[in-house]
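FYI, it's all coordinate maths here, none of it is from the lab. Small disclaimer: the values here were computed from a predicted structure and weren't measured. For neighbour counting, all protein chains shown are included, and Cβ atoms are generated from backbone atoms with ideal geometry for every residue, glycine included.
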Amino acid sequence: KFMSGRELREKYLQFFASKEHLRLPSASLIPENDPTLLMIGAGMAPFKPFFTGKMKPPHTRITTSQKCVRTGDIENVGRTARHQTFFEMLGNFSFGDYFKREAIHWAWEFLTEHLEMPKDKLWVTIYPDDEEAYKIWAEEIGVNPEHIVKLEDNFWEIGPGPCGPCSEIYIDLGEERGCGSPDCAVGCDCDRFLEIWNLVFTQFDRDEEGNYSPLEKKNIDTGAGLERLASVLQNKRSNFETDLLFPIIEYASNVSNVAYGTNEKNDISLKVIADHARSMTIMILDGILPSNEGRGYVLRRIIRRAIRHGRLLGIESAFLTGAVDAVVEIFDEVFPELLEKQDYIKKVISLEEERFHTTLVQGMELLNHHIDELKQADKVVLSGEAAFKLYDTFGFPWELTAEILEENGLSLDKEAFDKAMTQQRERARAARQENQRISIPDLSGLDTEKLTFDMRAQSAQVICIWKD
Ligand code: ATP
Ligand code: MG
Ligand code: MG
Ligand code: MG
């Protein structure tokens with residue numbers, strides 16, 4: 001029987017609520033009091049102060065479905081079956097409460113009894129020295145020792161602070177989904193062994209010198225990708241075909257008149273649009289606006305990337321606001337604020353889309369001209385100055401230029417680009433100091449009252465938003 005993404009999310013949260021976890025709503029994508037982090041990329045991130053002991057949690061057991069953005073996975077989107085830039089991470093957390101035994105037993109119970117995943121298809125990885133985890137998996141749960149893989153990588157830490165070994169759960173989707181290599185096994189980058197859940201046992205504290213001492217209060221931090229679980233339960237070949245993403249693909253397919261599943265390159269573009277539409281919608285929902293710096297730049301890059309993939313499918317006119325409607329329909333019950341902010345989100349996106357469209361055509365013309373020139377001259381590297389001009393005049397994120405070049409077997413001189421960028425920043429700074437004025441943003445077409453409110457809420461970001 002079909003299990004929707006919504007049912008799955010609910011089932012997970014209810015399961016852990018039944019194990020006395022406090023159910024909390026997802027935190028914002030914008031980290032609170034954490035300048036080191038651009039955006040939340042894991043379920044545990046909003047709880048860092050609880051893990052380090054800086055703050056007391058409202059409960060020693062918490063469960064959430066956390067909105068996450070990982071820009072580090074942007075190149076994977078559409079190319080693997082399992083990576084998006086935006087996804088939801090289901091998690092259960094223990095702050096000095098239960099530890100390995102419960103975490104492992106409950107994860108297994110949830111997967112095999114509540115989701116009815118076949119036990120013989122599941123594999124687990126552990127840290128080589130973690131005898132305790134090995135015993136629980138092999139002796140208490142009864143996992144076939146051949147399905148327990150020891151991986152040196154299974155140690156989770158970011159700088160000094162709480163850290164520890166982890167144990168991941170994979171499902172074998174069958175040989176026909178694999179890369180065919182004789183070495184293909186758990187941990188292979190192909191789509192055969194799908195990592196669905198990571199259980200982190202934070203049991204050590206690492207000091208500045210790199211010494212590990214056992215923590216008095218041990219913690220549990222787990223993360224399972226909602227879309228990956230959905231792909232397994234809905235029997236789909238990728239996250240993109242689940243009900244959490246597919247309606248957006250259908251929308252893009254209708255607009256472009258390009259059928260899904262007939263051409264690999266087109267499928268990648270459809271998947272990128274579906275993923276990026278979710279990312280941009282939720283980022284704006286959480287108060288991010290397109291800009292040339294920080295989170296705003298990530299958002300801008302995502303919007304412009306989606307537009308470009310639309311063009312690759314032959315979409316010439318603006319289409320992203322329709323994709324936002326599809327996103328809202330997917331999420332309206334989980335994030336009801338979306339309905340309230342739907343028009344606002346669409347306005348922000350259509351303004352950015354308009355802005356990009358007018359220059360994209362000219363910029364592409366110039367870039368194609370450069371590409372021809374390079375090919376004719378038997379060269380492979382585009383100069384930093386040319387790439388910078390594309391950025392400065394046409395608003396091409398350098399990553400976009402690099403991607404288009406790469407598709408043509410070329411690359412760009414990133415060092416020279418960076419240099420041109422630094423010089424421009426210095427010039428801009430000098431100019432700003434000279435007239436001491438901030439230019440008035442162009443707000444035509446926007447609900448200014450609402451925008452002002454949003455801007456106030458994130459004043460640090462406001463200044464640079466409309467400058468280009
Ligand atoms: P992978 O090795 O597949 O890239 P990961 O080891 O980077 O995953 P973790 O950091 O362990 O992932 O995150 C916990 C869980 O979150 C993963 O087991 C997976 O189910 C999910 N997840 C991680 N990255 C993504 C992504 N980009 N898109 C969708 N789900 C993800
Ligand atoms: Mg990863
Ligand atoms: Mg992994
Ligand atoms: Mg992992």
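Kindly identify the range 1-122 as rounded, prolate or oblate by the Cα gyration tensor criterion: order the square roots of the eigenvalues as a ≥ b ≥ c, call it rounded if a/c is under 1.5, otherwise compare a/b with b/c, prolate if a/b is larger, else oblate.
oblate
Among P46, P162, G409, which residue has its Cα positioned farthest towards the positive end of the charge dipole of the chain, with +1 placed on the Cβ of Lys and Arg, -1 on the Cβ of Asp and Glu, and the dipole taken about the Cα centre?
It is P46, whose Cα lies furthest towards the positive end.
Going through the range 337-420, which trypsin sites (Lys or Arg not before Pro) have at most 12 other Cβ atoms within 10 Å and a DSSP loop state?
K379
Before rounding to the nearest 500, sum -39500 (n - 2.57) across all DSSP H runs of length at least 4 in the chain and divide by the residue total; then give [θ] at 222 nm in deg cm²/dmol.
Value at 222 nm, helices only, nearest 500: -14000 deg cm²/dmol.
In degrees, nearest 10, range 0 to 90: what is the angle between the Cα axis of helix 320-331 and the longest Cα principal axis of the chain?
Between helix and principal axis, roughly 20 degrees.
List the lysines whose Cα lies under 24 Å from the Cα of K100, skipping any in the same chain that are fewer than 8 positions away.
Within the straight-line limit of under 24 Å, K100 reaches these lysines: K11, K19, K48, K54, K56, K119, K121, K135, K150, K217, K218.
For the range 1-87, run through the trypsin sites (Lys or Arg not before Pro) and keep only the ones in DSSP coil with at most 10 other Cβ atoms within 10 Å of their Cβ.
Qualifying residues, ordered by number: K1, K54.
What FRET efficiency comes out for the pair E209/N408, r = Cβ-Cβ distance, R0 = 45 Å, nearest 0.05?
So, using R0 = 45 Å, E works out to roughly 0.40.
Check each of the GluC sites (Glu not before Pro) in the range 142-228 and keep only those in coil by DSSP with at most 12 other C-beta atoms within 10 angstrom; list them in order.
Passing both the DSSP loop test and the Cβ count: E152, E208, E209.
Please label the shape of the chain as rounded, prolate or oblate, based on the square roots a ≥ b ≥ c of the eigenvalues of the alpha-carbon gyration tensor (a/c under 1.5 means rounded; beyond that, a/b larger than b/c means prolate, else oblate).
It comes out prolate by the Cα gyration axes.
Assuming a ≥ b ≥ c are the square roots of the Cα gyration tensor eigenvalues, decide whether the range 5-233 counts as rounded (a/c under 1.5), prolate (otherwise, with a/b larger than b/c) or oblate.
Rounded.
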